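*Asks:* Quick one: the structure is below, questions incoming.
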């Protein structure tokens, strides 16, 4: 299979099933942001600080790939097939959040991103996740998006926030509180 097809030279791309849309179509923005998030999760997974979390981060990437596959397919092209994330992914994220929060001091202020590369990239992933969620919500205004995708993205951004704090704690970086 060739990587280049030249069919996108006119500013359009093909959705799963063959329908062509502009490369800035909200559906493309939605699954493109999820695709970017998959790459960022891969980046944070590559740091030794996350060795104990690698399997879970791979699982998250798999679930995001399912979201991207679902989002890249126009409604009329699904016809009974589904690429939805597993129903239990939201509770898995909540459990992971709860376990990490048991080890973290209570949060009483906003905190400034940074500390080290792994924590910083985890925070970037959180921001990309929030953007992906916004794009998917915008798509949902005109084309119904399965609720599990919306829930997953919302909870994943929470997980990434807590993960950032946990990485900072594990590596001896103190949260820098933002106060006004």
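Please treat every number below as a calculation from the coordinates, not as lab data. If you're wondering where the values come from, they're calculated on a predicted model, not measured in any experiment. For neighbour counting, all protein chains shown are included, and Cβ atoms are generated from backbone atoms with ideal geometry for every residue, glycine included.
*Asks:* Send over the per residue convex hull volume for the range 39-109, Cα only, as a whole number of Å³.
*Replies:* Hull volume over Cα atoms, normalised by residue count, gives 133 Å³.
*Asks:* While we're here: Let's test this: bin the Cα-Cα distances of the range 58-162 at 5 Å from zero up to the farthest pair and state each bin's percent.
*Replies:* 2, 11, 19, 23, 18, 12, 8, 4, 2, 1
*Asks:* Considering only C-alpha atoms, what is the centroid distance from the range 38-56 to the range 94-144, in Å?
*Replies:* Centre-to-centre (Cα) distance: 15 Å.
*Asks:* Next question. Please give, to one decimal in nm, the separation of the simple spin-label points placed at residue 55 and residue 102, each 7 Å out from Cα toward the Cβ.
*Replies:* Roughly 1.8 nm, to one decimal.
*Asks:* Taking 0.36 nm per intervening residue step and subtracting the Cα-Cα distance, what contour gain separates residue 36 from residue 170 on full extension?
*Replies:* Stretched fully, the residue 36-residue 170 segment lengthens by 45.6 nm.
*Asks:* Also, I was wondering about something else. Which of the peptides 144-151, 103-110 is most tightly packed, and how do the rest follow, judged by the mean count of other Cβ atoms within 10 Å per residue?
*Replies:* 144-151, 103-110
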